[in-house]
Amino acid sequence: MDKTNYNHSIRCSVNQCANHAQSDDYCALSQIRVGTHENDPRDVKCTDCESFKIR
Ligand code: SF4
């Protein structure tokens, strides 16, 4: 993946992710999938980036 093509529409600080644009706080993917691990999500912490991949 070209990490210099970071996506200005997706800010992300999870630089442990293989899809992170390492030079700045953005995702390098053109799109991501967001989901939840909860039955009834009510807060930010209930949501997950399902495109996360460990570096
Ligand atoms: S895939 Fe998700 S966790 Fe990984 S850099 Fe992109 S937004 Fe962040």
Highest-first arrangement of 40-50, 21-31, 6-16, where packing means the average Cβ count within 10 Å: 21-31, 6-16, 40-50
Grab the Cα-Cα distance for Asn15 and Cys46, subtract it from 0.36 nm times how many residues apart they are, and report the gain in nm with one decimal. 9.2 nm
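At a 1.4 Å probe radius, carbon and sulfur cover how many percent of the accessible area of the chain?
Numbers: 1980 of 4330 Å².
The C+S portion of the solvent-accessible surface of the chain is 46 percent.
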How large is the accessible surface per residue of the chain, computed with a 1.4 Å probe and reported in Å² as a whole number? 79
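The values are calculated or read from the model by the stated rules, or taken from the named source; none is laboratory data. Just so it is clear, the model here is predicted, and its values are computed rather than measured. Positions of Cβ are backbone-derived with ideal geometry, glycine not excepted, and every protein chain shown enters the neighbour counts. Each accessible area value is taken on the protein alone, full model and side chains, heavy atoms only, with ligands, DNA and RNA left out. Shrake-Rupley method; radii C 1.70, N 1.55, O 1.52, S 1.80 Å.
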